[in-house]
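Report on the following structure.
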Amino acid sequence: MTSTVSSTLAYRDSDIRAVLGALDLPCFVVRTDDGIAATNTRPNTRPDAEVLAAVPPLPPERLGSPDFLRHHGVRFAYMAGSMANGIASEEHVAALAGAGYLGSFGAAGLLPDRIEEALVRLGEEIPGLPFACNLIHSPHEVRLEREAVDLYLRHGVRCVEASAFMDLTPPIVRYRVAGLSRTADGRTAVSNRVIAKVSREEVAERFMRPPPAAMVGELVDSGQVTAEQAELARTVPLADDVTIEADSGGHTDRRPLPGLFPVMLRLRDALSREVGRPIRLGAAGGIGTPDAAWAAFAMGADYVVTGSVNQACVEAGTSDTAKRMLATAGVADCEMAPAADMFELGVTLQVLRRGAMFPMRATWLYELYRTHDGIEDLTPRDRARLEKQILRRPVDDVWDECAEYFRRRDPEQLERAEGSPKRRMALIFRWYLGMSSRWAKIGDEDRATDYQIWCGPAMGSFNDWTAGTHLAEPANRRVADAAFHIMRGAAYAGRVAQLRLAGVRLPAACAGYRPEPAAAGEV
């Protein structure tokens, strides 16, 4: 957005806000005989004007790393992370791509046919525009992880967001190495970009180093990558970008970003020197307001990633009921609950607590799994509660549905459950965990108290910030509009911070950015 240059001195709060909001122009704070004022041009015509502070232009396009913008072909150092089960939908990804942001399709939890449907549609609707697709680590569904990579390579997907990885796997290594080639001058060209979302140092280090030689060798032996690609793999890190995930919705270790990010920054700097190629760091978890985004950039983030706030937007592939529930959430309205995909490992994820019984019920199921050897081992009282309150169906009926589901999705699950009552119990409990997210997605009103809605504290921050504005109403929350105001507001917050460092204290009414409907063509 290009601002109109004005040499008028602004003394009133509303006029000062306008001067500060002209982000593509410099800002001068001056003292005159009439008081403290702000202007976008140096007041050379006022002999009584003393310049107290001056800050340069700071449009939102200037935030973050220019390398991130060039590498991904976007206008803004802003990414909307993938939300599983297609909640980060094709509409969501396309809207962001068209506005200059990077969106990631929520492929986790979807069967290959559904993923391929999305890839075909995105190829038709946004040809040539950048987007990413999620690849989630699936320790109990290895086939699905492998088939997702098959699809990404077949359809020429050039960016993958790798999430929930505890260790590296052949599919993610194959995706990266299969996109390597040698240029005419002998350099390594990288076609397949990897954005790794991590919260632990040991996992971050694996993505910041070249792919493991032994794993690459196995891919060569099986004919999945070439010997030349294996040689080139030694020259590049597995990931171009590593997103540091703090207290977020879904899978999270709930670590505070100011404590986690500097540790990862030092690790990145050390490994970048060792590997010989730059590695960019992004910040995720708690990014729901301009101030949070600016704080991440101020700490050194090359880009920011939002999550929970996008699920409450119009384009999100979830129900209007879930969106309304999210729009009422406060910062403290989240809780940890067992994760369906890693239930047996005791892995948890962060979900919305307000208006839902899911966190309590899912935790009870995990306690039953931890302390019993199978459904038959439950007390009559626990079994009755399980069937009447949680499943609302006989256990045997649920098992029949589980068996049919895994015959289509992953028959190996049934093979492992054969002769293992505890494994069978786990699959039955995972039925509830899986269905609870589906009920929220389709808006099943009869199961509203069982909705599993992935959510972090950023949602509450976003709701508080947008209260009283057009973004308070879920029907007005467009994903690109939310991104526009978070980034524009982050630049505004940066300008206020620069003036504060120069000793200027602005009136409270001017210090914070408030979203207003964007003009045509701005988003």
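Structure values in brief
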| quantity | calculated |
| --- | --- |
| Qualifying residue in the stretch 141-153 (condition: part of a loop (DSSP other than H, G, I, E, B), surrounded by fewer than 19 Cβ atoms within 10 Å (Cβ to Cβ) and either at pLDDT 95 or above or polar (S, T, N, Q) (or both)) | no |
| Count of residues meeting criterion [polar (S, T, N, Q) and out of contact with any Leu (no Cβ under 9 Å at 6 or more places or on another chain)] in the stretch 171-213 | 1 |
| Among the candidates Asp397, Asp450, Asp444, Asp377, residue that is at pLDDT 95 or above, more than 25 Å from Leu349 (Cβ to Cβ), touching a Lys or Arg at 6+ places or on another chain (Cβ under 9 Å) and not basic (Lys, Arg) | Asp377 |
| Candidate set from the stretch 15-31 (those that are small (Gly, Ala, Ser) and without any contact (Cβ under 8 Å) to a residue 60 or more places away in the chain); member that is nearest to Ala491 (Cα to Cα) | Ala22 |
| Residue, surrounded by the fewest Cβ atoms within 10 Å (Cβ to Cβ), within the stretch 99-109, restricted to residues that are under 19 Å from Ser163 (Cα atoms) and out of contact with any Gly (no Cβ under 6 Å at 6 or more places or on another chain) | Gly109 |
| Among (1) outside any helix (DSSP H, G or I); (2) touching a residue at least 12 places away in the same chain (Cβ under 8 Å); (3) more than 15 Å from the chain's Cα centre (by Cα), the one test that Ile244 misses | (3) |
| Only one of Ala227, Ala213, Ala270 that is modelled with pLDDT under 95, of a type in the set (A, V, I, L, M, F, W, C), over 22 Å from the mean Cα position of the chain (by Cα) and not assigned by TED's automatic domain parsing to the domain that holds Asp341 | Ala270 |
| Qualifying residue in the stretch 419-437 (condition: assigned by TED's automatic domain parsing to the domain that holds Glu344, surrounded by 19 or more Cβ atoms within 10 Å (Cβ to Cβ) and under 30 Å from Tyr101 (Cα atoms)) | yes |
| Helices (runs of 4 or more DSSP H) fully within the stretch 252-367 counting 2 or more residues that are out of contact with any helix residue (DSSP H, G or I) (no Cβ under 6 Å at 6 or more places or on another chain), in contact (Cβ under 8 Å) with a residue 40 or more places away in the chain and surrounded by fewer than 21 Cβ atoms within 10 Å (Cβ to Cβ) | 257-275, 320-327 |
| Helices (runs of 4 or more DSSP H) within the stretch 399-515 that include 1 or more residues out of contact with any Pro (no Cβ under 6 Å at 6 or more places or on another chain) and of a type in the set (Ser, Thr, Tyr) | 421-442, 458-466, 479-501 |
| Flag for Ile428 being within 27 Å of the chain's Cα centre (by Cα) and in contact (Cβ under 8 Å) with a residue 24 or more places away in the chain | no |
| Total residues in the stretch 114-163, condition touching a residue at least 60 places away in the same chain (Cβ under 8 Å), within 14 Å of Val194 (Cβ to Cβ) and among the hydrophobic types (A, V, I, L, M, F, W, C) | 4 |
| Exclusive hit being modelled with pLDDT of 95 or more, surrounded by fewer than 16 Cβ atoms within 10 Å (Cβ to Cβ) and either out of contact with any His (no Cβ under 6 Å at 6 or more places or on another chain) or closer than 25 Å to Arg193 by Cβ (or both), set Arg70, Arg42 | Arg70 |
| Residue check for Val236: among the β-branched types (Val, Ile, Thr) and either touching a residue at least 60 places away in the same chain (Cβ under 8 Å) or not in a strand (DSSP E or B) (or both) | yes |
| Residue count, the stretch 164-174 (criterion: free of Cβ contacts under 8 Å to residues at least 60 places away in the same chain and more than 18 Å from the chain's Cα centre (by Cα)) | 5 |
| Residue match in the stretch 196-215 (condition: touching a residue at least 40 places away in the same chain (Cβ under 8 Å) and more than 30 Å from Met299 (Cβ to Cβ)) | yes |
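The values are calculated or read from the model by the stated rules, or taken from the named source; none is laboratory data. These numbers come from a predicted model, not from an experiment. With ideal geometry, Cβ positions are generated from the backbone for all residues, glycine too; neighbour counts draw on all protein chains shown.
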